[in-house]
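Please read the structure below before turning to the comments.
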Amino acid sequence: MDFIAWGKEYLQEARALKARTDLLRRRLLSADAAERKELNYRICLLYSMYLECRSTGRLLQSYGGKEDSGHEK
């Protein structure tokens with residue numbers, strides 16, 4: 001299994017989630033109170049998904065680096 005490539009996929013997904021989160025944060029500036037509450041909920045959810053993808057991607061790539069170096073996990 002290619003951990004480096006797998007990690008890259010997770011990091012790509014993390015970047016997409018971060019971009020979506022940033023877009024929603026910009027929408028907060030012009031939102032009314034009800035919309036702001038909904039946007040904050042979505043931002044929190046997407047941001048936690050972003051952190052998970054980023055962490056998983058980095059972890060997978062570190063495993064791939066160790067595998068390429070001849071080290072065992």
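The values are calculated or read from the model by the stated rules, or taken from the named source; none is laboratory data. Keep in mind it's a predicted model, so treat the numbers as computed, not measured. A quick note on method: Cβ atoms are made from the backbone with ideal geometry, for glycine too, and the neighbour counts reach across all protein chains shown.
Exactly one condition in (1) modelled with pLDDT of 95 or more; (2) not in a helix (DSSP H, G or I) is not met by H71; state its number.
Result: H71 passes all but (1).
Would it be correct to say that L23 is assigned to a helix (DSSP H, G or I), under 20 Å from the mean Cα position of the chain (by Cα) and closer than 26 Å to S62 by Cα?
no
Does Y63 count as touching a Lys or Arg at 6+ places or on another chain (Cβ under 8 Å), modelled with pLDDT of 95 or more and aromatic (F, W, Y)?
Judged against the criteria, Y63 is not a match.
Starting from region 56-68, take each residue that is in a helix (DSSP H, G or I) and list its partners that are exposed (fewer than 14 other Cβ atoms within 10 Å of the Cβ) and modelled with pLDDT under 90, counting only C-beta distances under 7 angstrom and pairs at least six apart or across chains.
Once the first residue is in a helix (DSSP H, G or I) and sits in region 56-68, its partners that are exposed (fewer than 14 other Cβ atoms within 10 Å of the Cβ) and modelled with pLDDT under 90 give Y63/K73; K66/K73.
Filter region 28-40 for residues that are in a helix (DSSP H, G or I) and surrounded by 14 or more Cβ atoms within 10 Å (Cβ to Cβ); which is farthest from the chain's Cα centre (by Cα)?
Filtering region 28-40 for residues that are in a helix (DSSP H, G or I) and surrounded by 14 or more Cβ atoms within 10 Å (Cβ to Cβ), the one farthest from the chain's Cα centre (by Cα) comes out as R36.
Against the definition (at pLDDT below 95, surrounded by 14 or more Cβ atoms within 10 Å (Cβ to Cβ), in a helix (DSSP H, G or I) and of a type in the set (S, T, Y)), how does Y10 come out, yes or no?
no
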